[in-house]
Amino acid sequence: MEALLATELPEGNGWQFEPKWDGFRCLARRDHDEVTLTSKSGKPLARYFPEVVDMLLRVNAKNFLLDGELIIPFGDILSFEALQLRLHPAESRVRKLAKETPAELMVFDLLELGGKSLIALPLTKRREKLESFFGKNAVAGLELSPMTCDRAAALDWLRRSGAALDGVIAKRADLEYRSGERAMIKVKQQRTADCVVGGFRYAEKKREVGSLLLGLYDDKGLLNHVGFTSAIPAKERLQLTKDLQALIEPPGFTGSAPGGPSRWNTERTGQWEPLRPVLVVEVKYDQVTGRRFRHGTGFVRWRPDKDPKQCTFEQLAPELRPSELQELFGP
């Protein structure tokens with residue numbers, strides 16, 4: 001069951017709200033002595049999280065299917081980077097990381113129990129059974145996600161999101177589990193930052209700007225690549241391409257620069273044009289991981305009034321505050 005992105009939480013009665021955790025979505029199934037962990041895309045995850053498999057084998061119940069999120073608490077935040085590091089081909093590396101930064105499973109739905117499917121039940125009934133399941137099967141590393149039917153409380157979660165929460169999910173309390181459908185709503189906290197345009201990439205099929213490469217200055221005065229935006233109005237692309245071509249000048253980024261090809265991108269994505277750092281653009285973003293924007297950003301406006309040197313990492317400082325974990329679960 002997937003979510004549709006919205007700008008506001010729904011109003012009215014009949015909604016259940018839950019935190020949207022900053023982790024890997026996961027279906028966790030145990031069938032006696034066999035445990036499988038499956039990603040949202042259908043890929044197996046068990047080999048990357050052996051400690052979660054071991055934890056689920058310690059649960060009293062022998063046959064169940066949970067819907068949840070794999071998370072790695074790291075100090076006072078959740079580390080998405082630590083999750084990404086687990087996707088490593090070497091089993092010895094995975095085992096080492098499992099000991100150093102153990103993952104947990106944050107559960108928010110129960111889909112099968114004792115060989116019986118629960119997906120036709122309304123969410124309220126599934127939640128009752130989930131809470132009962134958790135009460136009888138609680139083990140270290142298995143967490144029950146909070147929920148509320150109070151929209152004001154959910155809005156408070158949304159305002160605090162950024163370090164552990166990725167936003168808020170809204171679900172119809174009377175709805176059955178609709179696998180594969182966007183039958184729930186997700187709302188993310190949107191923030192803005194002023195960034196220097198340190199380079200650009202051409203579009204794939206024509207000599208026209210496809211994306212702007214964004215940079216922020218660190219405390220050493222180096223311009224570091226932090227992400228990109230491709231949300232450029234079509235009517236502006238031709239003139240913008242000409243303007244950018246007139247500013248092409250190495251090195252573009254003096255700190256960390258856009259990388260070359262990898263397992264996640266193509267040869268083309270490693271090709272970019274460096275620019276003299278004079279242009280500033282305001283963008284909107286949701287998450288920051290490792291001092292980079294997790295996803296592509298939204299174009300807001302050009303900032304000709306802004307000195308590029310003022311575009312520093314300090315704008316992202318709110319992301320580094322203590323997380324919401326203590327506020328939700330206590331010390």
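The values are calculated or read from the model by the stated rules, or taken from the named source; none is laboratory data. Computed from a predicted structure; not experimentally measured. Every residue, glycine among them, receives a Cβ derived from its backbone with ideal geometry; neighbour counts consider all protein chains shown. Surface accessibility is based on the protein's heavy atoms, side chains included, excluding ligands, DNA and RNA. Shrake-Rupley method; radii C 1.70, N 1.55, O 1.52, S 1.80 Å.
What to note about this one:
- Scan of region 63-102 for residues that are free of Cβ contacts under 8 Å to residues at least 40 places away in the same chain and in contact with a Ser or Thr (Cβ under 6 Å, 6 or more places away or on another chain), ordered by number: ALA82
- Which numbered condition SER132 fails, given (1) under 20 Å from ALA28 (Cα atoms); (2) of a type in the set (Ser, Thr, Tyr); (3) at pLDDT below 95: (3)
- Selection count where residues are on the phi > 0 side of the Ramachandran plot and open to solvent by 30 Å² or more (accessible area, probe 1.4 Å), scope region 127-147: 0
- Check on ALA153, among the small types (Gly, Ala, Ser), touching a residue at least 24 places away in the same chain (Cβ under 8 Å) and either farther than 30 Å from PRO102 by Cβ or crowded, with 21+ Cβ neighbours inside 10 Å (or both): no
- Where strands (runs of 3 or more DSSP E) sit wholly within region 204-304, those with at least 3 residues that are open to solvent by less than 40 Å² (accessible area, probe 1.4 Å) and modelled with pLDDT of 90 or more occupy 209-217, 223-229, 280-285.
- Criterion violated by PHE313 - all others in (1) modelled with pLDDT under 90; (2) within 21 Å of the chain's Cα centre (by Cα); (3) open to solvent by less than 40 Å² (accessible area, probe 1.4 Å); (4) not aliphatic (A, V, I, L, M) satisfied: (1)
- The number of residues in region 43-61 that are without any contact (Cβ under 8 Å) to a residue 40 or more places away in the chain and open to solvent by 50 Å² or more (accessible area, probe 1.4 Å) comes to 4.
- When the residues of region 10-25 are filtered to those that are hydrophobic (A, V, I, L, M, F, W, C) and open to solvent by less than 10 Å² (accessible area, probe 1.4 Å), the one that is modelled with the highest pLDDT is PHE17.
- The residues in region 80-124 that are in a helix (DSSP H, G or I), closer than 24 Å to GLU18 by Cβ, open to solvent by less than 30 Å² (accessible area, probe 1.4 Å) and at pLDDT 95 or above can be counted, and the count is 1.
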